[in-house]
Amino acid sequence: MSRVPSSQVVIVNDAAYVFDCGIGVSIQLTRAGVPLRSLRHLFITHHHSDHNAAYGPLLLTAWACGLRNRVDTWGPPPLGRMTQLFLEMNEYDIRIRTEDEGKVPLAPLVHPHEFSRGGLVMREEDVTVSCALVNHPPVRPAFAFRLDSPDRSIVISGDTKRSDALTKLAQGADVLVHEVIMPAEIHRLVSKSRLYNAAALEKSILSHHTPPEDVGRVAAEARVKTLVLSHFVPAQDPQIQDEDWIRGVRRGGYEGRVVVGRDLLEI
């Protein structure tokens, strides 16, 4: 779990299922005690840099740390092309380490899978991952994911406006991890930022994130057991307290357990 950059990891039978790869994910996984060589599946919700910038570096670092099993990666196009180009860019390092350190080649381990529709993503033994298209303009397609195993169900929203498809995907889930935004604070911060693109940036941010009241509505309508707020926009603002996020969720009608996410949070 992290506030920004965005990444969540689910451990299933000692294998790591990683959802999104913001910068720093390899370090955070190590701090959380997750061996990088345990990486088995890697899911990308959408192609914004705070969600995919460490896609290749995570694969390369895991391999450097002893990964030698197959890794399946899943996400929207152009995931296959991204994978190919990253391996080409790092061909020298990969070749040298393979020859000098006796490592298995990296390319045969990595198997990217692209998709553009909601539905079943993968099924492996007793674990199923499915997805739904969410509304994250102008990035299309963008996905939320749901992981179901015999003992739990976890839904990860990705970045989205309030989404009926996400509400349907999350029905009855044990845990919903949902992004959240405070629109008034974004306006205040951007207005005083003096950024050359301030107006366009504010319009963009407000167009594809979910205020806490709407997050509460999604969680209530989906009847999830635990709601975890994550990927806060803004991420660090001393004027916003945990209680402010929670109050907004309650105004949306959700009465269940609410957890305000933190870096390295374990649930």
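Table: residues versus (1) part of a helix (DSSP H, G or I); (2) open to solvent by less than 10 Å² (accessible area, probe 1.4 Å); (3) under 21 Å from Val190 (Cβ atoms).
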{"site": "Glu221", "(1), (2), (3)": "yes, no, no"}
{"site": "Leu227", "(1), (2), (3)": "no, yes, no"}
{"site": "Gln236", "(1), (2), (3)": "no, no, yes"}
{"site": "Glu243", "(1), (2), (3)": "yes, no, no"}
{"site": "Gly248", "(1), (2), (3)": "yes, yes, yes"}
{"site": "Glu255", "(1), (2), (3)": "no, no, no"}
{"site": "Val259", "(1), (2), (3)": "no, no, no"}
{"site": "Leu264", "(1), (2), (3)": "no, no, no"}
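Is it the case, given these coordinates, that Leu201 is out of contact with any Asp or Glu (no Cβ under 6 Å at 6 or more places or on another chain) and open to solvent by less than 10 Å² (accessible area, probe 1.4 Å)? In short, no. Is at least one residue of the stretch 8-17 modelled with pLDDT of 95 or more, of a type in the set (A, V, I, L, M), in contact with a helix residue (DSSP H, G or I) (Cβ under 6 Å, 6 or more places away or on another chain) and not in a strand (DSSP E or B)? So far as the stretch 8-17 goes, no, none of its residues is modelled with pLDDT of 95 or more, of a type in the set (A, V, I, L, M), in contact with a helix residue (DSSP H, G or I) (Cβ under 6 Å, 6 or more places away or on another chain) and not in a strand (DSSP E or B). Within the option set Val175, Val129, Val180, being closer than 30 Å to Glu88 by Cα, touching a strand residue (DSSP E or B) at 6+ places or on another chain (Cβ under 9 Å), at pLDDT 95 or above and surrounded by 14 or more Cβ atoms within 10 Å (Cβ to Cβ) holds for one residue only, Val129. Candidates Gly80, Gly118, Gly102: the one that is open to solvent by 20 Å² or more (accessible area, probe 1.4 Å) and at positive phi is Gly102. The number of residues in the stretch 199-232 being basic (Lys, Arg) and free of Cβ contacts under 8 Å to residues at least 24 places away in the same chain comes to 1. Being in contact with a helix residue (DSSP H, G or I) (Cβ under 9 Å, 6 or more places away or on another chain) and in contact (Cβ under 8 Å) with a residue 12 or more places away in the chain is a property that holds for Asp263. The number of residues in the stretch 44-58 that are in contact (Cβ under 8 Å) with a residue 40 or more places away in the chain, assigned to a helix (DSSP H, G or I) and open to solvent by 10 Å² or more (accessible area, probe 1.4 Å) comes to 1. Remark: Leu189 matches the filter, which requires a residue to be touching an Asp or Glu at 6+ places or on another chain (Cβ under 8 Å) and either open to solvent by 20 Å² or more (accessible area, probe 1.4 Å) or on the phi > 0 side of the Ramachandran plot (or both). Could you list, in sequence order, the residues of the stretch 72-100 that are among the basic types (Lys, Arg) and closer than 26 Å to Leu133 by Cα? Of everything in the stretch 72-100, just one residue is among the basic types (Lys, Arg) and closer than 26 Å to Leu133 by Cα, namely Arg81. Does the stretch 59-102 hold any residues that are in a helix (DSSP H, G or I) and either at pLDDT below 95 or among the charged types (D, E, K, R) (or both), and which are they? The answer is Arg81, Glu88, Glu91, Asp93, Arg95, Arg97, Glu99, Asp100, Glu101. Entry remark, the stretch 222-245: residues being more than 11 Å from Gly256 (Cα to Cα) and among the basic types (Lys, Arg) number 0 in total. Does Gly33 fit the bill of being in a loop (DSSP other than H, G, I, E, B), open to solvent by less than 50 Å² (accessible area, probe 1.4 Å), out of contact with any strand residue (DSSP E or B) (no Cβ under 8 Å at 6 or more places or on another chain) and within 30 Å of Pro150 (Cβ to Cβ)? Answer is no for this residue. The number of residues in the stretch 77-102 being touching a Leu at 6+ places or on another chain (Cβ under 9 Å) and over 30 Å from Ala170 (Cβ atoms) comes to 7.
The values are calculated or read from the model by the stated rules, or taken from the named source; none is laboratory data. Just so we're clear, the structure is a prediction, and the values are computed from it rather than from any experiment. Please note: Cβ atoms are built from the backbone with ideal geometry, for glycine as well, and neighbour counts cover all protein chains shown. All accessible areas refer to the heavy atoms of the entire protein, side chains included, with ligands and DNA or RNA removed. Shrake-Rupley method; radii C 1.70, N 1.55, O 1.52, S 1.80 Å.
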